[in-house]
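A short write-up of the structure that comes next.
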Amino acid sequence: QRKLFFGGLRIYTTLDTEAQTVAEDKLREYMLSDAFQKAKISQGAFVLIDVETGALKSMIGGVDFEDNEFNRAWQAKRQPGSAVKPFVSLAALDAGYSPGSLVIDEPLTLQDALGRDYSPQNYDHKYLGIITMKKALELSRNVVAVKTCDLVTPEKVVDWAKDLGIHHGDLVPVISIALGTGVVSVLEMTTAYATIANDGMYNKPYAIRLITDSNGQIIYQHKNSEIRAAPKNLMRILTYMLRGVVLQGTGTRARIKHDCAGKTGTTSDYKDAWFVGYTPEY
């Protein structure tokens with residue numbers, strides 16, 4: 001502790017100050033908007049990761065650090081809602097299904113682990129009949145996600161989530177996991193999606209790249225340690241499906257000039273709203 005405060009250390013972070021400033025301004029702008037005030041939305045969190053290295057380029061843990069020091073980007077564990085559906089799709093792709101595989105969006109009742117009836121509902125309470133797996137992901141059809149999860153097993157879905165980077169979240173392998181009933185942090189969800197964007201190569205996220213002492217001697221230097229977490233071909237197919245979410249699905253408000261893919265997520269009673277997305281770089 002003494003060395004930290006009196007040793008003349010220089011600590012170099014991965015932060016992109018321009019990106020951080022833009023993100024802070026945008027979050028504050030939304031929180032103060034009439035729509036958010038009316039909906040009583042008072043907090044948000046944001047994480048931006050470099051896909052290739054895992055370097056944290058921007059992180060916001062709340063609207064005002066002086067008002068509340070709790071960091072919602074990594075300390076808060078929240079239900080991700082439909083933002084977990086890509087893990088369900090990945091388990092299906094691994095089992096031999098394809099984006100064009102046909103599924104039926106129809107009323108469904110399954111037995112949960114305790115033998116109770118479980119009847120998932122689509123957010124619009126409508127059913128589209130026969131559709132492709134890609135279209136089901138684009139439109140975030142809950143019934144199809146649960147049916148697929150039951151088919152490939154919840155254990156496989158949770159395994160894939162962990163492989164991609166959710167190491168500290170609490171994801172219980174039950175059929176409702178397909179709708180995001182576990183809890184995760186924004187940082188871990190961002191990390192998992194970064195693994196997809198990086199063709200299945202996992203990088204542990206980091207914020208400190210170099211520390212030197214008062215003489216310029218290196219005390220610490222970050223070393224990248226990429227791990228193959230998923231096959232490249234499955235990641236490319238999943239990205240193709242998630243690109244459809246942004247182009248013509250529930251995530252069209254995230255459509256930008258750059259190549260972009262991602263997934264929306266809304267939890268029960270609209271308590272939390274997510275968008276997790278990526279470009280080839282971030």
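Some values worked out for this structure:
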quantity: Rounded to 10°, Cα long-axis angle of helix 154-164 versus longest principal axis of the chain; calculated: 30 degrees
quantity: Accessible carbon and sulfur surface of segment 62-131 relative to its total accessible area, %, 1.4 Å; calculated: 50 percent
quantity: Value of [θ]222 nm, deg cm²/dmol, for the chain, DSSP H segments ≥ 4, -39500 (n - 2.57) each, nearest 500; calculated: -9500 deg cm²/dmol
quantity: Set Lys40/Lys257; Lys85/Lys126; Lys77/Lys263; Lys26/Lys156 screened for pairs whose C-alpha atoms are more than 28 Å apart; calculated: Lys40/Lys257; Lys26/Lys156
quantity: Within the accessible area of segment 138-282 (1.4 Å probe), percent carbon and sulfur; calculated: 52 percent
quantity: Proximal charge balance of Thr21 [Cβ under 14 Å; K/R count +1, D/E count -1]; calculated: -2
quantity: Rounded tilt (10° steps) of 232-248 against the dominant C-alpha axis of the chain; calculated: 80 degrees
quantity: Accessible-area order (highest first, 1.4 angstrom probe) of the listed residues Thr17, Thr195; calculated: Thr17, Thr195
quantity: Gyration tensor verdict on segment 197-260 (Cα atoms; rounded if a/c is under 1.5, prolate if a/b is larger than b/c, oblate otherwise); calculated: oblate
quantity: Summed side-chain charge close to Tyr127 - residues other than Tyr127 whose Cβ falls under 9 Å, Lys, Arg +1, Asp, Glu -1; calculated: 0
quantity: Trypsin sites (Lys or Arg not before Pro) within segment 79-159, DSSP loop, no more than 15 other Cβ atoms inside 10 Å; calculated: Arg116, Lys126
quantity: Nearest-10 value in Å² for the accessible area of Leu151, using the 1.4 Å probe; calculated: 110 Å²
quantity: Accessible heavy-atom area order of Tyr270, Tyr12, highest first, probe of 1.4 Å; calculated: Tyr270, Tyr12
quantity: Helix 85-94 vs. the chain, principal-axis angle (Cα, 0 to 90°, nearest 10); calculated: 70 degrees
quantity: Accessible surface of Tyr202 - all protein chains present, 1.4 Å probe, nearest 10 Å²; calculated: 30 Å²
quantity: 1.4 Å probe accessible area per residue over segment 90-248, in Å²; calculated: 48 Å²
quantity: Low-density loop cleavage sites - GluC sites (Glu not before Pro) in segment 18-96, where at most 10 other Cβ are within 10 Å (DSSP); calculated: Glu66, Glu69
quantity: Cut-off under 5 Å, modelled amide H: who pairs with Tyr282 long-range; calculated: Val51
quantity: Cα centre as origin, Lys/Arg/Asp/Glu Cβ charges: the chain dipole, Debye; calculated: 280 debye
quantity: Solvent-accessible surface (1.4 angstrom probe) belonging to Thr53, in square angstrom, nearest 10; calculated: 40 Å²
quantity: For segment 223-266 and segment 112-172, distance of Cα centres in Å; calculated: 18 Å
quantity: Relative contact order %, the chain, counting alpha carbon pairs below 8 Å whose residues are six or more apart; calculated: 23 percent
quantity: Note, ³J(HN,Hα) from phi for segment 210-220, Karplus 6.51, -1.76, 1.60, rounded to Hz, x at Gly and Pro; calculated: 7, 10, 10, 8, 5, 8, x, 6, 6, 8, 8
quantity: GNM result for the chain, Cα springs below 10 Å: residue of Ile104, Ile218, Ile196 fluctuating most strongly; calculated: Ile218
quantity: Full-stretch length increase - Lys26, Thr153 - with 0.36 nm per residue and alpha-carbon distance subtracted; calculated: 41.8 nm
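The values are calculated or read from the model by the stated rules, or taken from the named source; none is laboratory data. None of these values were measured; they are calculated from a predicted model. Here Cβ is always computed from backbone atoms with ideal geometry, including for glycine, and neighbour counts include all displayed protein chains. Side chains are part of the model used for accessible areas, which takes the heavy atoms of the whole protein and leaves out ligands, DNA and RNA. Shrake-Rupley method; radii C 1.70, N 1.55, O 1.52, S 1.80 Å.
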